[in-house]
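The values are calculated or read from the model by the stated rules, or taken from the named source; none is laboratory data. None of these values were measured; they are calculated from a predicted model. All Cβ positions, even for glycine, are placed from backbone atoms using ideal geometry, and neighbour counts span all protein chains on display. In case anyone asks, the SASA skips ligands and DNA or RNA and just uses the protein heavy atoms, side chains included. Shrake-Rupley method; radii C 1.70, N 1.55, O 1.52, S 1.80 Å.
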Amino acid sequence: MEKITSISNAKVQEIKKLLNSKEARRLSGNFVAEGVNIVKDIPCENIKSLFMTEDAFERYPEIAVKCNEIVFVSEKVLGAISDTKSPSGVVAVCNVSNNKEVCRKKCIVLDNLQDPGNAGTIIRTAVACGIQLIYCYGDCVDLYSPKVVRSSMGGIFFVKVEKLSSKSELKQELLVLDMAGKNLFSIDKKPDEFALLVGSESRGVSKEMREQADKIISLPMNKNMESLNAGVSLSIALYQLING
């Protein structure tokens, strides 16, 4: 097997581009996932190549068999292609599988959402609830960036991500989460098909999406707290819409 010991190696430089550049990820259709637990759960068809230390190769044979192209790297090289402070010894270059067919009856819309942690939480909740489609509207964080992939705990591999240009592209009922909306828990009939939208952490829901909402909904809160963070709010609302 090939072993890379120099950080100037072309493959190492390519991975660094994928880690640091949204444009590089978009043009190549590839992104980086790292960490033993995440890589264990990645569908084999999504893994293009695995970069592992020899120690990790011996410790995690169940990961090594997931990909035909395995490259050994030194600890120095591993540090160069890792986005974490304590690398686990496993880095995967993966492909964006956005050509798969998904159920569109229920989906999520991220409206200018910027925080990677919130985006990852929303992806995890979406997968847990059986949601297969996530739209990004406006200036959203790249859902294939290292921090989002990591905080999604591998959930990114089980959803399709699409860009949304306008509300007219949605066939579902648009439900917008906003503090000024109707109490979600007081709504008797939940829609069979919906697009649940959450706004940005700092600015909230964009004016254009609020104005075009079919329904504006909110979560009841104690008077001592004005709001919840975007990931928590959407998670509560989604569970109520599906299971409430």
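Rounded to 0.05, the FRET efficiency of the Lys207 and Ile7 pair, given R0 = 41 Å and the Cβ-Cβ distance, is 0.30. A cut-off under 14 angstrom between Cβ atoms defines the neighbours of Tyr144, and their net charge, with Lys, Arg +1 and Asp, Glu -1, is +4. Sorting Phe57, Phe194 by solvent-accessible area of protein heavy atoms yields Phe57, Phe194, largest first, with a 1.4 Å probe. Taken about its Cα centre, segment 145-201 carries a charge dipole of about 200 debye when Lys and Arg each add +1 at the Cβ and Asp and Glu each add -1 at the Cβ.
With a sphere of radius 14 Å drawn around the Cβ of Ser206, what net charge do the other residues whose Cβ falls strictly inside it have (Lys, Arg +1; Asp, Glu -1)?
-2
Full extension of the chain between Ala128 and Asn37 yields a length gain of 31.1 nm, computed as 0.36 nm times the residue separation minus the alpha carbon distance. Using a cut-off of 27 Å between Cα atoms, the listed pairs Lys85/Lys163; Lys163/Lys215; Lys40/Lys171; Lys48/Lys100; Lys40/Lys85; Lys105/Lys223 include Lys85/Lys163; Lys40/Lys171; Lys105/Lys223 as exceeding that distance. Scaled to the globular estimate 2.2 N^0.38 Å, the Cα spread of segment 199-244, given as radius of gyration, is 1.24. For segment 10-18, backbone phi angles converted through the Karplus equation (6.51, -1.76, 1.60; θ = phi - 60°) give residue-by-residue couplings of 4, 5, 5, 5, 5, 5, 4, 5, 5 Hz, Gly and Pro being listed as x.
For the chain, a crude dipole built from +1 on the beta carbon of Lys and Arg and -1 on the beta carbon of Asp and Glu, taken about the Cα centre, is about 220 debye to the nearest 20. Given axes a ≥ b ≥ c from the Cα gyration tensor, I'd like to know whether segment 83-160 is rounded (a/c under 1.5), prolate (a/b larger than b/c) or oblate. Taking the square roots of the gyration eigenvalues as a ≥ b ≥ c, segment 83-160 is prolate. Express as a percent, rounded to the nearest 5, the fraction of DSSP beta bridges in the chain (both residues included) that run antiparallel. Of the beta bridges lying entirely in the chain, close to 30 percent run antiparallel. Packing here is the average count of other Cβ atoms within 10 Å per residue, and on that basis the peptides 98-105, 82-89, 111-118, highest first, run 111-118, 82-89, 98-105. Packing, taken as the mean count of other beta carbons within 10 Å per residue, orders the peptides 8-19, 142-153, 127-138 from highest to lowest as 142-153, 127-138, 8-19.
Counted residue by residue at 0.36 nm each, then reduced by the alpha carbon distance between them, the extension gain from Glu45 to Ile242 reaches 67.9 nm. Hey, if you put +1 on the Cβ of every Lys and Arg and -1 on every Asp and Glu Cβ in the chain, which of Cys136, Val32, Gln212 ends up farthest toward the positive end of that dipole? Farthest towards the positive end: Gln212. Our compactness index for the chain, the C-alpha radius of gyration over the empirical 2.2 N^0.38 Å, is 1.12. With contacts taken as Cα pairs under 8 Å at a separation of at least 6 residues, segment 87-244 carries a relative contact order of 27 percent.
Using the Cβ-Cβ distance between Asn222 and Ser97 with R0 = 51 Å, the FRET efficiency computed as 1/(1 + (r/R0)^6) comes to roughly 0.75.
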